[in-house]
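Below you'll find the structure, written out as structure tokens, and then a few comments.
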Amino acid sequence: MDIPAGYALLARTSPVLDLLGPLYSKGQGADLCVGLRVEAKHCNARGALHGGILATLADVALGYATAFASDPPVPLVTANLSLDFAGSAKVGDWIEATVDVQKRGSRLAFANCYIDCDGQRIVRASAVFLVTELPGAAKG
């Protein structure tokens with residue numbers, strides 16, 4: 001299946017993302033977009049993209065964009081993830097997540113994410129992350 005111009009395989013992965021993917025990305029830091037071509041393995045019994053896949057995609061996009069919005073990246077752990085579903089997708093559809101990093105403080109970070117399918121917004125998500133270690137902080 002074709003992938004939109006400008007996207008490449010997501011450089012950072014994990015065992016769960018290997019099961020979900022392949023995931024693709026373009027941009028970096030706060031401008032990161034994460035995309036996925038919907039496959040049968042992503043769908044529920046009705047043939048629609050499963051909400052859990054959308055939640056995972058949102059969490060990944062939100063976390064990576066927020067963490068890598070600074071140099072060096074900041075280690076984050078998801079404290080809260082909230083999604084509103086406004087649509088769906090089916091096998092063969094391209095979905096992409098874009099992120100708006102609102103604020104990163106010394107203990108908490110806040111960001112919003114929108115997932116689109118064929119130019120239609122299908123998810124609005126927001127997350128709060130716990131900053132687990134400050135850059136340059138002494139370990140003890």
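Miscellaneous remarks
- Computed label-point distance, nm, for sites K103 and S82 using a 7 Å Cα→Cβ extension: 1.5 nm
- Label-to-label distance, nm, for residues given as Q28 and T132 (7 Å Cα→Cβ offset): 2.3 nm
- Scaled against the 2.2 N^0.38 Å expected of a compact globular protein of N residues, the Cα radius of gyration of the range 8-131 reads 1.00.
- Relative packing of 25-31, 92-98, which averages over residues the other C-beta atoms within 10 Å, highest first: 92-98, 25-31
- Pairwise centroid distance, computed over Cα atoms, of the range 32-57 with the range 60-120, Å: 15 Å
Values quoted throughout were computed directly from the atomic coordinates according to the rules given, and no laboratory measurement underlies them. In this text, all values refer to a predicted model and were calculated from it rather than measured experimentally. Heads up, the Cβs are rebuilt from the backbone with ideal geometry, glycines too, and the neighbour counts pull from every protein chain shown.
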